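The values are calculated or read from the model by the stated rules, or taken from the named source; none is laboratory data. Keep in mind it's a predicted model, so treat the numbers as computed, not measured. Note that we place each Cβ from the backbone using ideal geometry, even for glycine, and neighbour counts take in every protein chain shown. Side chains are part of the model used for accessible areas, which takes the heavy atoms of the whole protein and leaves out ligands, DNA and RNA. Shrake-Rupley method; radii C 1.70, N 1.55, O 1.52, S 1.80 Å.
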Amino acid sequence: MTKTMQAAVLTAPGRFTLQTRPVPVPGPGEALIRVTRVGICGTDLRIFHGRYAADSLPMVPGHELAGRIAALGPGVTGLEVGAKAVVDMNIGCGHCYWCRRNEILNCPQMRQIGITADGAFAEYLLVPARLVLPAPERVPDAVLALTEPVACVVRAARKAQVGLGQSALVIGAGPVGNLHVQLLRLLGVAPILVSDLSPDRVAMAVAVGADLGISDPALLRAAVQEATEGRGADLVIESVGHPALYAEALTLMRRGGHLAAFGLTGPDAVLPLGILDTILHETSVKGSVAGMGQDMHDALTLLCHGRFDTSAFTRAAYPLEQIQQAFDSSPDRPADLKTQIVMA
C-alpha cells in the first residue's frame with residue numbers, strides 16, 4: 001500500500017488547501033526528509049499575497065525546515081536514517097562555473113525549494129542528499145529551522161566583507177533585520193544602528209544588540225551623522241525592499257561605504273546610482289538574498305552554539321492544518337518575528 005502524507009498547497013494567492021499526496025520514494029542520490037518544523041519566511045508571505053513567484057502556483061511553499069532523515073536512495077553515503085537534519089534550499093546542477101563558486105542562484109538550472117519547486121509545508125520532502133546537513137540531536141527543531149534565514153544574513157555579511165569596528169545601519173527591524181543586527185554584533189561591528197517605522201520592533205532589535213534605534217524617519221539622517229562623527233555609515237543594509245529606502249541608503253553611507261542590497265523589490269524597481277560619485281568616492285553596492293553551501297554550515301554552527309537570541313523567533317507555532325490561520329494572522333502578531341508550522 002502506498003503511504004500518504006498531508007501537504008499544504010497554495011492553490012491561489014491567499015488560499016491554502018490541504019491535500020493528501022503519496023510519500024515520495026528517494027531515488028539515487030536523494031534523501032527523504034520527515035519535516036518537523038518549517039518557518040514562514042518573508043518570501044513565503046510575498047508568495048502568499050501574489051507578489052512573488054506567482055507563476056509557480058499551485059505549489060507547496062516552505063523552505064526554512066528542520067526534520068529527520070526518513071530514507072536514503074541508492075548510493076547515498078555520509079547520512080544516517082533517523083538523524084536530525086536541515087536542508088539547503090538552493091538546487092543547482094552542482095558542476096557549472098557558478099555552482100563551483102557557491103553562486104547557485106546564477107546556475108542556469110537553478111531551482112529553489114518552496115519557490116520554484118514544491119517545498120516543506122508537507123509532512124515529507126524529497127531533496128538531493130548532497131544538500132542535507134546533519135544536525136545535533138541536542139538542538140531543538142525550532143532553533144534548527146532558523147538555519148536558512150541565519151544563512152542569508154551570514155552570506156550578506158560575507159559579501160559585504162564586514163570587519164571589526166565598522167559602523168552599520170540596518171534599515172528594517174523585521175525578522176531578517178533583527179538577525180542582521182545580531183550577526184553584526186557577533187562580528188564586532190560598532191556602532192550598530194537600526195531603523196524601522198515600528199517602535200516595538202526597533203526596541204526588539206536594540207534588545208539583541210543594536211546600539212541605537214530610530215523609528216522616526218525624520219530623525220534618521222541626524223542620528224547616523226552623530227553616531228559616525230559626520231561621515232555616514234561604513235555599511236548600510238536595506239532589508240525592507242522599498243525603492244525609496246534604497247535611494248535613501250545611498251545617502252546615509254559614507255564616502256567609500258558599502259550598500260548591501262538585501263530586501264526584495266518588484267522586478268521593475270531601479271536604483272538611481274550616480275556613476276561619477278561612485279567612481280570618485282569608491283562606494284560599492286552588492287546584492288545578496290539566499291544563504292547556500294558554506295553559509296548554511298556556518299549558520300548551523302552559530303545556532304548550535306547559542307550565538308543568536310532565538311526567543312522571538314520560536315514562540316509562535318501552528319499545526320499544519322492551521323496554516324491558513326498562521327498566514328492570515330501574521331500581520332496582527334508583530335511581536336512574533338517568526339511563525340513556525342509544526343508537523344504532527
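Beyond 37 Å, how much of the Cα-Cα pair distribution for the chain remains, as a whole percent? Summing the P(r) of the chain above 37 Å gives 18 percent of all pairs.
Rolling a 1.4 Å probe over the heavy atoms of the protein chains gives the chain an accessible area of 45 Å² per residue. Here, the stretch 177-267 has an Rg and a Dmax of 12.3, 37 Å when only alpha carbons are counted. Computed from the alpha carbon atoms alone, the convex hull of the stretch 8-151 holds 112 Å³ per residue.
Here the spin labels are modelled as points 7 Å beyond Cα on the Cα-Cβ line, and at Asp268 and His281 they lie 2.9 nm apart. Extension gain, Cys96 to Arg307: 0.36 nm times the residue separation minus the Cα-Cα distance gives 72.5 nm. Close Lys pairs in the chain (alpha-carbon distance under 27 Å; sequence gap of 8 or more, or different chains): 5. Here Thr4 sits with roughly 90 square angstrom of accessible surface, probe radius 1.4 Å.
Taking θ as phi - 60° and the Karplus parameters 6.51, -1.76 and 1.60, the scalar couplings of the stretch 272-286 work out to x, 10, x, 5, 5, 4, 4, 5, 5, 8, 6, 7, 8, 10, 9 Hz in sequence order, x denoting glycine and proline. Max-minus-min Cα coordinates of the stretch 119-232 on each principal axis give 52, 28, 24 Å, with the largest extent listed first. Look at where the Cα atoms of the stretch 91-158 and of the stretch 279-296 average out, and the two centres are 18 Å apart.
Counted by Cβ distance under 12 Å from Ala157, the other residues give a net charge of +3, where Lys and Arg count +1 and Asp and Glu count -1.
Fully extending the segment from Arg221 to Ala344 would add 39.4 nm, taking 0.36 nm per residue of separation and subtracting the current Cα-Cα distance.
By accessible area, using a 1.4 Å probe on protein heavy atoms only, the stretch 250-344 has 54% of its surface on carbon and sulfur.
Relative to the dominant Cα principal axis of the chain, helix 243-252 is inclined by about 50°. Taken along the Cα-to-beta-carbon direction at a fixed 7 Å, the label points for Gln322 and Lys3 span 2.7 nm. Normalised Debye scattering of the stretch 253-294 at q = 0.16, 0.18, 0.22, 0.29 Å⁻¹ gives log10 I(q)/I(0) of -0.54, -0.65, -0.84, -1.06, counting only Cα atoms as equal scatterers and leaving out solvent. Listed peptides 59-72, 80-93, 276-289 appear in the order 59-72, 80-93, 276-289 once ranked by packing, highest mean of other Cβ atoms within 10 Å at the front. A cut-off of 5 Å between modelled amide H atoms, ignoring neighbours fewer than 5 places along the same chain, links Met292 with no other residue. For the stretch 199-344, a simple Cβ point-charge model (Lys and Arg +1, Asp and Glu -1, everything else neutral) yields a dipole of about 160 debye relative to the Cα centre.
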